[in-house]
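Novice: Take a look at the following structure, please.
The values are calculated or read from the model by the stated rules, or taken from the named source; none is laboratory data. Since the model is a prediction, treat every value here as computed from it, not as a measurement. With ideal geometry, Cβ positions are generated from the backbone for all residues, glycine too; neighbour counts draw on all protein chains shown.
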Amino acid sequence: MHLPANGACQCGEVTYQLTEEPLITYACHCLDCQKLSTSSFSITMFLRRSGFELLSGNLQSWERPTAAGNRAVCWFCPTCGNRIYHENPQMPDVIRLKPGTLDDTSVLDPRAHVWTCREQPWLEHYAELPKVDTQPDLAEAMAALAEGRSPV
Ligand SMILES: [Zn+2]
Ligand SMILES: [Zn+2]
């Protein structure tokens with residue numbers, strides 16, 4: 001990862017900068033991450049707090065118990081709701097960034113899938129799914145479905 005690395009929430013009000021290499025990055029399949037991502041997993045990047053600097057915006061937080069039995073304080077942009085990072089109050093030196101908010105996500109380097117006991121069964125076929133470069137045309141997809149053809 002090129003440092004410093006910049007990131008922002010979806011609306012752009014919250015911006016931040018990373019100044020240290022991440023400790024490790026996981027793809028987490030726990031149910032909380034499925035809710036958060038509205039998908040099958042989320043990417044979590046463990047960082048030393050000293051390597052994270054908030055540049056603009058005012059984060060808000062809410063707190064919840066985690067599947068692992070800890071507490072998570074979840075920091076988000078109050079305007080667009082985009083989650084920025086989580087922290088465990090008992091491990092104040094480490095934050096868990098939601099690194100999909102980085103400007104350059106091509107540098108993400110997940111090293112493991114965790115909570116695979118919750119992994120969605122359809123992920124097994126994920127790499128074989130048809131691929132569409134951009135948003136499929138909805139009207140065409142509906143017409144294809146009506147004719148019994150594949151929508152993509
Ligand atoms: Zn925002
Ligand atoms: Zn998770």
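Novice: Are there any pairs, at least 6 apart or on different chains, whose C-beta atoms fall under 6 Å, with the first in segment 69-90 and over 12 Å from residue 8 (Cα atoms) and the second among the small types (Gly, Ala, Ser) and within 15 Å of ligand 2 (Cβ to nearest atom), and if so, which?
Specialist: Partner pairs satisfying both residue conditions: 86/72.
Novice: Taking segment 108-142 as the region of interest, how many residues are loosely packed, with under 13 Cβ neighbours inside 10 Å, assigned to a helix (DSSP H, G or I) and β-branched (Val, Ile, Thr)?
Specialist: 0
Novice: Among the candidates 92, 99, 110, single out the residue that is touching a Lys or Arg at 6+ places or on another chain (Cβ under 9 Å), over 30 Å from residue 151 (Cα atoms) and not charged (D, E, K, R).
Specialist: Working: 99 fails: touching a Lys or Arg at 6+ places or on another chain (Cβ under 9 Å); 110 fails: touching a Lys or Arg at 6+ places or on another chain (Cβ under 9 Å).
Residue meeting the stated conditions: 92.
Novice: Would you check which residues across segment 22-62 are aliphatic (A, V, I, L, M) and within 16 Å of ligand 1 (Cβ to nearest atom) and list them?
Specialist: Once the filter is applied, which keeps residues that are aliphatic (A, V, I, L, M) and within 16 Å of ligand 1 (Cβ to nearest atom), segment 22-62 yields 36, 54, 55, 59.
Novice: Something else: Within segment 73-95, which residues are more than 14 Å from ligand 1 (Cβ to nearest atom) and either surrounded by 15 or more Cβ atoms within 10 Å (Cβ to Cβ) or closer than 15 Å to residue 44 by Cα (or both)? Spell out how you get there, then give the answer.
Specialist: So the first thing to find is which residues in segment 73-95 are more than 14 Å from ligand 1 (Cβ to nearest atom), and the list is 73-74, 86-95.
Correct list: 73, 74, 86, 87, 88, 94, 95.
Novice: Could you list, in sequence order, all residues of segment 1-14 that are part of a strand (DSSP E or B) and within 14 Å of residue 76 (Cβ to Cβ)? Give the derivation first.
Specialist: Just the residues of segment 1-14 that are part of a strand (DSSP E or B), to begin with: 5-8.
The answer is 7, 8.
Novice: Quick check: is even one residue across segment 64-72 of a type in the set (Lys, Arg), within 23 Å of residue 44 (Cα to Cα) and in contact with a strand residue (DSSP E or B) (Cβ under 8 Å, 6 or more places away or on another chain)?
Specialist: Here is the first cut: in segment 64-72, the residues of a type in the set (Lys, Arg) are 64, 71.
Filter again for within 23 Å of residue 44 (Cα to Cα), leaving 64, 71.
Applying the additional criterion that residues be in contact with a strand residue (DSSP E or B) (Cβ under 8 Å, 6 or more places away or on another chain) yields 64, 71.
The answer is yes, given that some residue of segment 64-72 is of a type in the set (Lys, Arg), within 23 Å of residue 44 (Cα to Cα) and in contact with a strand residue (DSSP E or B) (Cβ under 8 Å, 6 or more places away or on another chain).
Novice: Answer yes or no: is there a residue in segment 8-23 that is modelled with pLDDT under 95, surrounded by fewer than 16 Cβ atoms within 10 Å (Cβ to Cβ) and among the aliphatic types (A, V, I, L, M).
Specialist: We begin by selecting, within segment 8-23, every residue modelled with pLDDT under 95; these are none.
So far as segment 8-23 goes, no, none of its residues is modelled with pLDDT under 95, surrounded by fewer than 16 Cβ atoms within 10 Å (Cβ to Cβ) and among the aliphatic types (A, V, I, L, M).
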